[in-house]
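The values are calculated or read from the model by the stated rules, or taken from the named source; none is laboratory data. Not measured: the values here are computed from a predicted model. For neighbour counting, all protein chains shown are included, and Cβ atoms are generated from backbone atoms with ideal geometry for every residue, glycine included. Please note that ligands, DNA and RNA were not included when accessible areas were found on the heavy atoms of the full protein model with its side chains. Shrake-Rupley method; radii C 1.70, N 1.55, O 1.52, S 1.80 Å.
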Amino acid sequence: GQKSDDEDSPSYSPSLFSFTTPAMKRKLEADLERYVAAKRRRESTEAIIRGSNSQGNDEPTDGLFCDGTKRTISMQTELTMTEISALEMDNHSRQEEVSALSSNFSGYPTRKQLQEDEKLLTFYTGLNHFTVLMALFEFVVKALPVSANNKLSPFDSFILTLMKLRLNLLNQDLAFRFRVSPATVSRTFKKWIVTMYYRLRSTLIQWPCREALQRTMPFCFRVHYGLKVTGIIDCFEIFIEKPSSLLAKACTWSQYKHYNTAKYLICISASCASVCPYVSVPVN
């Protein structure tokens with residue numbers, strides 16, 4: 001083992017010539033410097049305490065505050081425990097006030113605001129009553145995949161999805177409103193829109209029978225087409241990001257829009273023009 005100068009060490013060997021390795025010498029010098037620095041700090045602290053005790057006559061000299069609280073060196077403050085407790089309570093109340101103000105001035109409507117203001121509800125979601133909103137939410141949320149990493153509550157995620165569908169807001173705007181990242185907005189919207197599709201397609205979207213179509217046929221259609229109209233078809237295009245693949249870029253190019261688009265075929269019944277019972281898969 002390494003030679004030791006300690007007589008009690010098993011590695012001790014008597015010698016007339018003392019020898020210390022360079023590494024050990026550097027360690028000893030560093031230990032000595034740390035000891036000297038700690039001693040200087042201790043002496044300067046004691047001098048400051050002695051100076052503060054000798055200045056002023058408004059403070060008792062027997063180590064007590066005026067209210068009887070004992071003053072020790074470890075406190076390093078002129079505040080009593082009563083004053084510190086009062087400051088902590090004041091700080092806690094101010095934090096609660098800031099939290100309440102932040103919730104009142106959020107960038108999206110809360111559940112309470114939607115319940116109290118039907119115009120606000122219609123503007124952001126397109127629904128005309130809060131009961132309909134909650135019934136739709138309870139119906140869809142049962143089929144939503146459970147995840148422990150959600151930064152938004154299920155109701156806030158539902159409102160985010162409806163706001164994007166209703167107002168066509170950008171992901172960056174929704175991220176600022178809900179205080180999340182744009183990637184979180186994209187994942188949340190995709191998860192909810194897929195769940196709503198599979199949950200609502202067979203319940204709310206139904207094609208009426210021929211007798212119902214003929215019975216509710218508008219008069220203008222009866223004059224020109226009789227009772228032969230079953231549906232009104234139309235095609236529309238949605239702008240997409242430019243694909244990196246040359247083949248996909250060529251397939252999605254639109255001569256009409258002069259941009260890369262996805263093409264859809266839709267069909268609605270003549271009696272309910274606001275309902276879209278059929279939407280095709282995107283065609284490139």
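Candidate cross-link partners of Lys112 among the lysines, defined by an alpha-carbon separation under 30 Å and a same-chain spacing of 8 or more, comprise Lys142, Lys151, Lys164, Lys190, Lys191. Go ahead and run the numbers for FRET between Ile48 and Asn91, Cβ-Cβ distance against an R0 of 30 Å, rounding to 0.05. Efficiency, rounded to the nearest 0.05: 0.60. The residues of region 185-284 present an accessible area of 73 Å² per residue when probed at 1.4 Å with all protein chains retained.
For Tyr35, the accessible area of its heavy atoms, probed at 1.4 Å with every protein chain present, is near 140 square angstrom. Loop-located trypsin sites (Lys or Arg not before Pro) in region 123-173 (DSSP state not H, G, I, E or B) with no more than 10 neighbouring Cβ atoms inside 10 Å: Lys142.
The gain in end-to-end length when the Ser245 to Ser147 segment is fully stretched comes to 31.9 nm, 0.36 nm per residue minus the alpha carbon separation. Computed from the C-beta positions of Phe130 and Cys267, the FRET efficiency with R₀ = 51 Å rounds to 0.95. Per-residue SASA remark: Asp156, around 30 Å² accessible (1.4 Å probe; ligands, DNA and RNA not included). Placing R0 at 45 angstrom, the Cβ-Cβ distance between Phe219 and Tyr259 gives a FRET efficiency of 0.65 after rounding to 0.05. Extension gain for the segment Lys190 to Met81, taken as residue separation times 0.36 nm less the Cα-Cα distance, is 33.8 nm to one decimal. Full extension of the chain between Ile232 and Leu167 yields a length gain of 20.8 nm, computed as 0.36 nm times the residue separation minus the alpha carbon distance.
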